[in-house]
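Asker: One structure coming up, written as structure tokens, with questions to follow.
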Amino acid sequence: MASQPLTPKIDRQTTTPFLLKLFYRTGTFHRLDEFSPHASSPPPPHLQIYTWPTCTLRELTHLLLTALPTLLPAPAIGTRLAFRLIFPDTREATRPGPGRYLSKELGSVVVGAGSASLEDTGEENGDEAAGNGNGNASGGAGGAGGVKALLESLEGDADKTLASARFVIGDYISCAVFPPLPDGGVAAPPPPV
């Protein structure tokens, strides 16, 4: 594994965070033309997150899955979340017409990797959440408790930061959620574009 460039330390208590749009989709990534500001349709589903350049894929996974636990299938163990950086093409800024977007692979993480016992924990938490009468809908990972347990064991590029990918404020992050294969295996990462 190649060493990653050092990310400058940022004091999150004194440094103002920036707004990041995290787009998500199950089974595949969004097409690049869906990000065009000239598109007639509204932007794809996304979360708006305030974060820093030192934000890791682990943190993005945590934020996404705690906000939307229903993105995880049941069982969630072996689900791959792949991330791409979406950015405007500044090399052809003088070209007439609307601009276009490019993408770059950020990496991927596998949820609950190597923890078969977490599957039972998540299902038990989901049963309790569904039966408590509070109207809390539990997701495929068994609600917030199940998601939290699954996120403790991520495999892959979980510690990669936005800064190490040369993220620039105004870029987007796209996340594709790949459920486990029918035999329980982990889906392969998508091919680069």
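The values are calculated or read from the model by the stated rules, or taken from the named source; none is laboratory data. Everything numeric here is computed off the predicted structure, so don't read it as measured data. Here Cβ is always computed from backbone atoms with ideal geometry, including for glycine, and neighbour counts include all displayed protein chains.
Asker: Please pick out the residue among Leu162, Leu85 that is at negative phi, at pLDDT 90 or above and in contact with a Lys or Arg (Cβ under 7 Å, 6 or more places away or on another chain).
Answerer: The conditions single out Leu85.
Asker: Kindly provide the set of residues from the range 19-53 that are over 20 Å from Ala176 (Cβ atoms) and either at pLDDT 95 or above or surrounded by fewer than 17 Cβ atoms within 10 Å (Cβ to Cβ) (or both), ordered by number. Give the steps one after another, and end with the answer.
Answerer: So in the range 19-53, the residues over 20 Å from Ala176 (Cβ atoms) come out as 19, 37-38, 40, 50, 52-53.
Once the filter is applied, which keeps residues that are over 20 Å from Ala176 (Cβ atoms) and either at pLDDT 95 or above or surrounded by fewer than 17 Cβ atoms within 10 Å (Cβ to Cβ) (or both), the range 19-53 yields Leu19, Pro37, His38, Ser40, Tyr50.
Asker: Give the number of residues within the range 144-193 that are buried (at least 18 other Cβ atoms within 10 Å of the Cβ), more than 21 Å from Leu47 (Cβ to Cβ) and of a type in the set (A, V, I, L, M).
Answerer: Final tally of qualifying residues: 3.
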